[in-house]
Amino acid sequence: MKQYWLTGGRIADGTGSEIYAGHILIQEDRIIKIQTQPPERDVFQYDCKGALITPGFIDIHSHLDWFTGNEGSSPLILPFLQQGITTAVGGNCGYSVFGFPVSHPYRELLTNNLFRSGKSTLCWKDIDEFADHIQTNGSSLNLLCYVGHGTVRTSIRGYDANPLTDEELTQMLGLLEDNLNMGAAGVSLGLQYEPGIFADKKELKAVAALVASHKKVLAVHPRAASAVSGKYPIKPFGTAHHLLAIQDMIDLAEETGVRLQFSHLIFVGSLSWKSADKALKLFDDAWNRGVDIAFDTFGYSLGASRINVILPEWFRTHLGKNLKNPWAIQRLRLETMAMELVLGFGYEHIRVTNAVHPDWKKYNGMYLSHIARQRKSSQFKTLCDLLRVSDGTAGVLMERYSNPEIMNKMIAHPLSHFQTDAWVEREGVNNPAIYGSLPRIFRLNRENNLLPVEEIVRKMTGAPADRMGIAERGYLKEGYFADLVVLDEQSISDREEKGIPLPPTGIDKVIVNGRVMIEKGLEVSDKSPGRLIR
């Protein structure tokens with residue numbers, strides 16, 4: 001049996017308890033001994049003198065299920081390993097790679113999504129068959145998956161905006177329950193994306209009640225992430241739309257008793273930032289009333305999405321038709337102007353990562369405002385043209401999600417968990433979170449003295465393991481799986497050069513199920529020790 005020691009390190013065990021000096025013995029894929037006295041020299045030792053040894057980091061909001069197990073997927077997963085992630089929770093925002101009938105007419109809609117992972121066939125239907133795929137093709141990290149409401153609904157109705165019939169609702173709930181019974185971590189909702197935007201209260205309540213009956217987690221990408229959106233009626237002096245979206249989900253959790261994980265809490269546009277404290281108070285008040293609720297956050301004020309996410313629902317629902325309708329275009333122009341005025345968010349804050357259309361790929365990495373100047377066109381016309389050529393699917397990085405003060409509050413908040421919400425684009429510009437999301441949180445915590453480092457480690461390890469019900473991971477305990485990170489807490493940091501994200505500093509080793517995968521930032525194993533957790 002393969003054994004080795006990690007010796008001379010300082011152990012942060014994932015509980016939040018005080019760091020202590022110790023030595024860890026690993027055999028095969030398990031931690032078999034943790035002791036304070038030096039070990040005998042008859043087993044190979046990695047000298048970790050002065051370093052911090054932690055459990056492997058858990059990315060509680062990931063989309064790596066769309067990339068794991070693909071041929072040639074290793075470069076797409078490597079950046080996440082390099083930042084210390086050993087377990088990713090996939091299937092978020094309503095998109096999962098499983099949860100559909102054997103035969104249905106909407107396969108192209110399922111594969112032509114935000115991630116463009118190359119899983120063009122999706123030659124499995126449920127999490128059991130996806131597990132077989134992972135077993136056959138391997139994974140370099142562990143994966144836990146939600147079943148996506150949007151994926152299941154699309155396989156039944158496509159992007160039809162009409163309410164589901166009772167028969168269709170029953171079919172959808174049956175597919176969701178099948179996958180919950182097979183080990184899916186819960187259900188995810190993507191209420192700003194098709195087809196989640198079409199789900200009415202009856203449908204959402206039925207889904208939430210189903211998840212609650214299984215005592216699993218409902219993750220939700222909300223209907224709105226800014227003070228004004230196209231998802232709610234605009235009322236002068238009315239409640240900010242992102243607060244309405246939060247309250248809607250709290251109400252859903254209170255009505256059904258479901259455990260709610262609120263995805264990527266953000267405040268898009270500088271004029272949305274003033275309501276951040278009110279948003280956090282909604283979470284605090286709900287928790288104090290007994291609602292089982294938490295939220296995801298990260299250390300960046302930007303995030304990846306599709307260009308059509310900024311559109312009002314009425315325009316997105318019939319995108320192709322509306323792009324040909326002068327009256328619809330004029331209405332959109334006015335609403336877009338209003339968006340800039342009331343949000344403090346505009347074309348100069350939207351960076352195209354992947355324009356999709358061959359003629360537009362030269363604009364990858366540029367802001368819409370810059371593209372407009374280069375094309376000698378108006379910013380609004382540039383937006384409409386990009387919508388046309390990409391069919392609304394162009395990838396973007398949107399900025400002004402928050403400010404440093406808000407980010408610090410969310411990192412330190414007792415209900416927050418940490419995420420990447422990122423994926424590697426095969427062409428164009430990449431989200432810096434692919435390399436730096438969790439190391440950046442260490443840096444921000446260090447620079448702003450937010451929490452003890454033991455607590456930051458707990459929020460990246462033990463806390464998400466408990467939240468998601470991940471057994472025997474998230475903690476450094478004898479008998480637990482050997483997922484570990486060896487790091488220097490004084491130098492761990494995100495890194496970039498001339499705007500290009502690079503692997504982080506300060507991480508010495510990343511170990512997945514006992515196998516050293518990363519050493520001093522470099523991949524040292526091409527094996528696939530990761531597993532699908534169920």
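The values are calculated or read from the model by the stated rules, or taken from the named source; none is laboratory data. Computed from a prediction, not measured in an experiment: that's the story for all the values here. Every residue, glycine as well, gets a Cβ built from its backbone with ideal geometry; the counts of neighbours run over all protein chains shown. In case anyone asks, the SASA skips ligands and DNA or RNA and just uses the protein heavy atoms, side chains included. Shrake-Rupley method; radii C 1.70, N 1.55, O 1.52, S 1.80 Å.
Those strands (runs of 3 or more DSSP E) of segment 423-516 in which 1 or more residues are in contact with a Lys or Arg (Cβ under 6 Å, 6 or more places away or on another chain), among the hydrophobic types (A, V, I, L, M, F, W, C) and open to solvent by 30 Å² or more (accessible area, probe 1.4 Å) occupy 500-505. Every listed requirement among (1) open to solvent by less than 20 Å² (accessible area, probe 1.4 Å); (2) outside any loop (DSSP other than H, G, I, E, B); (3) hydrophobic (A, V, I, L, M, F, W, C) is met by Ala21 save one, (1).
Would you check if there is a residue in segment 154-171 being open to solvent by less than 10 Å² (accessible area, probe 1.4 Å) and within 13 Å of Gly91 (Cα to Cα)? Looking through segment 154-171, none of the residues is open to solvent by less than 10 Å² (accessible area, probe 1.4 Å) and within 13 Å of Gly91 (Cα to Cα). Which one of the conditions (1) modelled with pLDDT under 90; (2) touching a helix residue (DSSP H, G or I) at 6+ places or on another chain (Cβ under 9 Å) does Glu108 fail to meet, given that it meets all the rest? For Glu108, the failing item is (2).
Can you find even one residue in segment 60-83 that is of a type in the set (D, E, K, R) and not in a helix (DSSP H, G or I)?
Yes, some residue in segment 60-83 is of a type in the set (D, E, K, R) and not in a helix (DSSP H, G or I).
Just to be sure, is Ala225 in contact (Cβ under 8 Å) with a residue 24 or more places away in the chain, open to solvent by 10 Å² or more (accessible area, probe 1.4 Å), among the small types (Gly, Ala, Ser) and in contact with a His (Cβ under 6 Å, 6 or more places away or on another chain)? The answer is yes for Ala225. Annotation: Val356 fulfils all but one of (1) modelled with pLDDT under 95; (2) under 22 Å from Val228 (Cα atoms); (3) aliphatic (A, V, I, L, M); the unmet one is (2). Scan segment 100-114 for residues that are assigned to a loop (DSSP other than H, G, I, E, B) and either surrounded by 21 or more Cβ atoms within 10 Å (Cβ to Cβ) or over 19 Å from the mean Cα position of the chain (by Cα) (or both) and the total you get is 8.
Take the conditions farther than 23 Å from Ile85 by Cα and within 16 Å of the chain's Cα centre (by Cα) and apply them to Met398. Does it pass?
Working: farther than 23 Å from Ile85 by Cα: yes; within 16 Å of the chain's Cα centre (by Cα): yes.
Yes, satisfied.
Annotation: Ile134 fulfils all but one of (1) assigned to a helix (DSSP H, G or I); (2) open to solvent by 40 Å² or more (accessible area, probe 1.4 Å); the unmet one is (2).
Among all positions in segment 502-518, there is at least one residue which is modelled with pLDDT under 95, farther than 18 Å from Ala88 by Cβ and within 22 Å of the chain's Cα centre (by Cα). For a quick check of your reading of the model, give me the residue pairs whose first member lies in segment 270-282 and is within 14 Å of Tyr401 (Cβ to Cβ), whose second is of a type in the set (Asp, Glu) and in a helix (DSSP H, G or I), with beta-carbon atoms closer than 7 Å and at least 6 apart or on different chains. Correct list of pairs: empty, since none qualify. Just to be sure, is Leu323 within 20 Å of Gln192 (Cα to Cα), touching a residue at least 40 places away in the same chain (Cβ under 8 Å) and touching an Asp or Glu at 6+ places or on another chain (Cβ under 8 Å)? No, not satisfied.
Rundown of residues vs (1) crowded, with 24+ Cβ neighbours inside 10 Å; (2) in contact with a Gly (Cβ under 9 Å, 6 or more places away or on another chain); (3) under 26 Å from Ser416 (Cβ atoms), yes/no style:
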residue: Arg10; (1), (2), (3): no, yes, yes
residue: Thr15; (1), (2), (3): no, yes, yes
residue: Ser62; (1), (2), (3): yes, yes, yes
residue: Asn70; (1), (2), (3): no, yes, no
residue: Pro75; (1), (2), (3): no, no, no
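For (1) in contact with a Cys (Cβ under 9 Å, 6 or more places away or on another chain); (2) farther than 28 Å from Pro195 by Cβ; (3) not hydrophobic (A, V, I, L, M, F, W, C), each residue gets a yes or a no:
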| residue | (1), (2), (3) |
| --- | --- |
| Leu319 | no, no, no |
| Met337 | no, yes, no |
| His349 | no, no, yes |
| His357 | no, no, yes |
| Lys362 | no, yes, yes |
| Ala372 | no, yes, no |
| Ser402 | no, yes, yes |
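Among residues that are among the hydroxyl-bearing types (Ser, Thr, Tyr) and within 22 Å of the chain's Cα centre (by Cα), Ser213 is not included.
Please find, among Val97, Val43, the residue that is surrounded by fewer than 18 Cβ atoms within 10 Å (Cβ to Cβ) and assigned to a loop (DSSP other than H, G, I, E, B).
None of the other options fit; the residue is Val43.
Of the residues making up segment 409-421, those that are touching a residue at least 60 places away in the same chain (Cβ under 8 Å), part of a loop (DSSP other than H, G, I, E, B) and open to solvent by 10 Å² or more (accessible area, probe 1.4 Å) are His413, Leu415, Asp421.
Looking only at residues in segment 255-274 that are polar (S, T, N, Q) and at pLDDT 95 or above, the one that is nearest to Ala224 (Cα to Cα) is Ser263. For segment 319-408, the helices (runs of 4 or more DSSP H) that sit wholly inside it and include 2 or more residues that are among the hydrophobic types (A, V, I, L, M, F, W, C) and open to solvent by less than 20 Å² (accessible area, probe 1.4 Å) are 326-343, 368-375, 379-390.
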